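J.: Just passing along the structure, written as structure tokens.
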Amino acid sequence: MFAQFVNFLHEGSPASAGIISVAIMLLCGFALTRITKLLKLPNVTAYIITGILIGPYCLNLVPEDVISHTSFLPDIALAFIAFSTGQFFRFNALKGNGMKVLIITVAEACIASVFVFIAVYYILRMDLAFSIVLAALASATAPASTMMTIRQTGAKGDFVNTLLQVVALDDVVGLLAYSIAVSIALASSMSETSSGFDFHNVILPLMMNLACMILGALLGILMKIMIPEKRSKDNKLIISVAILFGFCGVCQILEVSPLLGCMFMATVYVNVTDDDQLFKQLNNFSPPILLLFFVRSGICFDLGALSGSGNSGNASLLMLGIVYFIVRILGKYAGAFIGCFATHKDKLVRNYLGLALIPQAGVAIGLAELGARTLGGEMGSALRTVILASSVLYELIGPACAKLSLSLSHSYDKDAVDEPVMKPEDEDKLIVNLLIERIREIQSEIPEHSPVMVNETANNIRGMHTTQKRFHTNNTNYQ
């Protein structure tokens, strides 16, 4: 019966196979989260494992045509991820903490790249161009899994704020490092064959990324114009998704990552509008897309490729993947510790920030695809295999480490946070303020207000406040 169902998916009409495959990916991804939830593991881990299980090496439920025709998913997922992280780059918030975050980010990204380059080039004796590009990819972190872990736990505080800003800025540093590394790798490869300088391969990628950043900033202003406050929530969501999808299409034509442009788009939008509601809407819209993206990454994992080796060096791909996996973790932790120590960050942030920077998936995989096309041949294939294999492992343990760091830093464990004792008058103020905020929310949803109703509401609040004071006075006298 099961074999007949698999044959139907692979041999049936493309439309039915695509629809059923998407349903299988969504339902299986959700079902496995019920198990990982019992094990207290993040949802991202369940999505990656789901992809491996329904992929060609296990159940083979998803046809290859469906996977090839959903190649746009990484770009769409990267767009939503980048747009969500861009909201944390508020200029007023970065004035006081921006330089510290920049120092921490540069330290953890660069030290991780240096560790990987030393291990791959000097110890494993891999090719110079390959080592430079792989080391640059080590700087990237997966903001999706980190953000989903934070959202799942509801963590807050200085540790979370620093982590979000570092993760968001980390991909900017990673993209810049990748662009520079590719230029150096191409220059070193050309120096071995000729003494010429290829403008198209060295300078043009940097210019294209800069152009996408400018275009993203302009689209952020356009989004502000097209989404005024009076616009309904449904239309706001439609317009924002249309702009993000259109920008992804332009980036696909130009063969550049949409990450930087979408981050700049969100940064410009949030600073000119100070609107948080749009990001909440997109966060509610994006989970199925992110689920499909991570499940597809697990499906595309080529387990058999690890047994091979390329002409980029003497080490096997399996050994290379193990070394890269371990050394990058050490580099991330050491870099985050040094950066936090240099900026005099709190002890909890300094000791545990590195654990939350382990995940690596979407950005690194996307850049690995670009690097594979740029380097070409077996060197490019080896780069893609190592990054994809290690990313799967990072997504299996990375979110769990991120959740552990949030717990150890007391960012969401309520039992570990000392709550201040409230005085009776503070309780009165808190209750009244909550009532006022709730009434304002209700009034904002009503088209027209009655002045009499507002005055009556205010009088009721004053009466409640007076009653609470009498209650506390009588209670004190009774005691």
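J.: Read through the list (1) in a helix (DSSP H, G or I); (2) more than 30 Å from GLU378 (Cβ to Cβ); (3) open to solvent by 30 Å² or more (accessible area, probe 1.4 Å), then give the number of the only condition that PHE89 fails.
T.: It is condition (1) that PHE89 fails.
J.: Has region 119-127 got any residue that is touching a residue at least 40 places away in the same chain (Cβ under 8 Å), assigned to a helix (DSSP H, G or I) and surrounded by fewer than 24 Cβ atoms within 10 Å (Cβ to Cβ)?
T.: Of the residues in region 119-127, the ones touching a residue at least 40 places away in the same chain (Cβ under 8 Å) are 119-120, 123-127.
Filter once more, keeping what is assigned to a helix (DSSP H, G or I): 119-120, 123.
This time we only want the ones that are surrounded by fewer than 24 Cβ atoms within 10 Å (Cβ to Cβ), so: 119, 123.
Yes, there is a match, as at least one residue in region 119-127 is touching a residue at least 40 places away in the same chain (Cβ under 8 Å), assigned to a helix (DSSP H, G or I) and surrounded by fewer than 24 Cβ atoms within 10 Å (Cβ to Cβ).
J.: Could I ask something else about it? What are the residues in region 55-75 that are surrounded by fewer than 22 Cβ atoms within 10 Å (Cβ to Cβ) and hydrophobic (A, V, I, L, M, F, W, C), if any?
T.: CYS58, LEU59, LEU61, ILE67, PHE72, LEU73
J.: Can you tell me which residues in region 7-22 are small (Gly, Ala, Ser), part of a helix (DSSP H, G or I) and either at pLDDT 95 or above or open to solvent by 50 Å² or more (accessible area, probe 1.4 Å) (or both)?
T.: Here is the first cut: in region 7-22, the ones small (Gly, Ala, Ser) are 12-13, 15-18, 21.
Still in the list and also part of a helix (DSSP H, G or I): 15-18, 21.
Selection gives ALA15 alone.
J.: Here are LEU282, LEU278: which of them is among the aliphatic types (A, V, I, L, M), under 15 Å from the mean Cα position of the chain (by Cα) and open to solvent by less than 10 Å² (accessible area, probe 1.4 Å)? Write out each step before concluding.
T.: Details: LEU278 fails: under 15 Å from the mean Cα position of the chain (by Cα).
Going through LEU282, LEU278 in turn, just one is among the aliphatic types (A, V, I, L, M), under 15 Å from the mean Cα position of the chain (by Cα) and open to solvent by less than 10 Å² (accessible area, probe 1.4 Å): LEU282.
J.: Sticking with this one: Out of all the residues in region 154-172, which are in contact with an Asp or Glu (Cβ under 9 Å, 6 or more places away or on another chain) and open to solvent by 30 Å² or more (accessible area, probe 1.4 Å)?
T.: Passing the criteria: only ASP158.
The values are calculated or read from the model by the stated rules, or taken from the named source; none is laboratory data. Worth saying up front: this structure is predicted, and the values here are computed from it rather than measured. Because the Cβ atoms are built from the backbone with ideal geometry, glycine has one as well, and the counts that use them run over all protein chains shown. For accessibility, only protein heavy atoms count, side chains too; no ligands or nucleic acids. Shrake-Rupley method; radii C 1.70, N 1.55, O 1.52, S 1.80 Å.
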